[in-house]
Amino acid sequence: MLMVSGALFLLFSACAMLYQADTRRGALSVVRNNSGVRKGLRLGAWLVFAFTLVMIARLQGWERGIPVWLAMFTAVFILGLFLSAQKPKWHAPACSVSLTAGILFTLGGMIA
């Protein structure tokens, strides 16, 4: 259960990183003005996507893991879009909190 919760948090943070890497939507001026930071955010998001896919597929098996991951990704992405539309200033801090919680939950699941 911790691994699945961690994957949800990590997926939300990856979706938020992709959203914040855009020059029109980025909440932080450092991200909007620096192309290296934007590329780093995109690369980090894709690495997190790949990591969570492998993590869920190893838990569920590849036949069920990929559809489960896609369902999780869809739910988290819709939640992120809703949050960014309703409270745009909360999106970037929610990404930081979600990334921290995702790492802690994932590590907790690996240890337990």
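Since every read-out is calculated from the coordinates, none of them should be taken as a lab result. All of these numbers come straight from a predicted model, not from anything done at the bench. Note that we place each Cβ from the backbone using ideal geometry, even for glycine, and neighbour counts take in every protein chain shown.
Quick one: would you say Arg42 is of a type in the set (D, E, K, R) and without any contact (Cβ under 8 Å) to a residue 24 or more places away in the chain? For Arg42, the condition - of a type in the set (D, E, K, R) and without any contact (Cβ under 8 Å) to a residue 24 or more places away in the chain - is not met. Among the candidates Arg58, Arg24, the residue that is over 14 Å from the mean Cα position of the chain (by Cα), among the basic types (Lys, Arg) and assigned to a loop (DSSP other than H, G, I, E, B) is uniquely Arg24. With respect to the conditions (1) under 20 Å from Met110 (Cα atoms); (2) free of Cβ contacts under 8 Å to residues at least 24 places away in the same chain; (3) among the aliphatic types (A, V, I, L, M); (4) surrounded by 15 or more Cβ atoms within 10 Å (Cβ to Cβ), Val54 falls short on a single one, namely (4).
Among the residues making up the stretch 72-98, those that are within 12 Å of Leu8 (Cβ to Cβ) and either surrounded by 17 or more Cβ atoms within 10 Å (Cβ to Cβ) or in contact with a His (Cβ under 7 Å, 6 or more places away or on another chain) (or both) are Met72, Phe73, Val76, Phe77, Gly80, Ser98.
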